1. Just checking, which of 63, 93 is surrounded by 14 or more Cβ atoms within 10 Å (Cβ to Cβ) and either assigned to a loop (DSSP other than H, G, I, E, B) or in contact (Cβ under 8 Å) with a residue 60 or more places away in the chain (or both)?
2. Of all residues being free of Cβ contacts under 8 Å to residues at least 40 places away in the same chain and part of a loop (DSSP other than H, G, I, E, B) in the stretch 66-90, which is surrounded by the most Cβ atoms within 10 Å (Cβ to Cβ)? Just the residue, please.
């Protein structure tokens, strides 16, 4: 009995510990990031800048994102967020670029979200700022979007560091989008391919049909035997009478 109680207590302790580990954000994820972060070159990207509040003595009241100028974005749309004002600013390019056969002389340079008075991302909280960007550059596998996070006490954290060649994440990594070539993206989506599990599903249906047929035939045979026994019993009872 005592052994069972010990086992139950041990499982309970392990369960609580597991929940604690799952519920605790890792240090690597506690930074401004793009969610989701994978898109296709030449397409559009709709995602959110996820901003966690990392201070226990101040809330976040502003986020400013810097957009690339070497591969400028001609379309920027922000999703309204109660309590926050979003502003996308355009600027002249140092050198005109051609996108989709059209010469571009100006493009969006920054997006800024500013909290209304009394609004902030509080302690142990995070906020998501949704945006739609386009057209994404081609021939580039990553699009970095440096961001500055401002706290109500005046502190500014600059999330603008690039990941090194060794793949090790820096202390203040810049939010980034991974861009896949169009052909690779189409192959990943499997256009024209059978839906996963289709063959298995069809085999299961066929097997079910065969089983149903066998059971139906067996049922008919049993029914016929039962009918034969019944008729024989009636005839025997009549003969005795």
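What follows is calculated from the coordinates using simple rules that are stated; it is not laboratory data. All figures in this text were calculated on a predicted structure; none of them were measured in a lab. Virtual Cβ from ideal backbone geometry, glycine too; neighbours counted across all protein chains shown.
1. 63
2. Narrowing the stretch 66-90 to residues free of Cβ contacts under 8 Å to residues at least 40 places away in the same chain: 70, 72, 80, 82-83, 85, 87-90.
Within this subset, residues satisfying the condition of being part of a loop (DSSP other than H, G, I, E, B) are 70, 72, 80, 82-83.
Details: 70: 10, 72: 21, 80: 8, 82: 6, 83: 11.
That would be 72.
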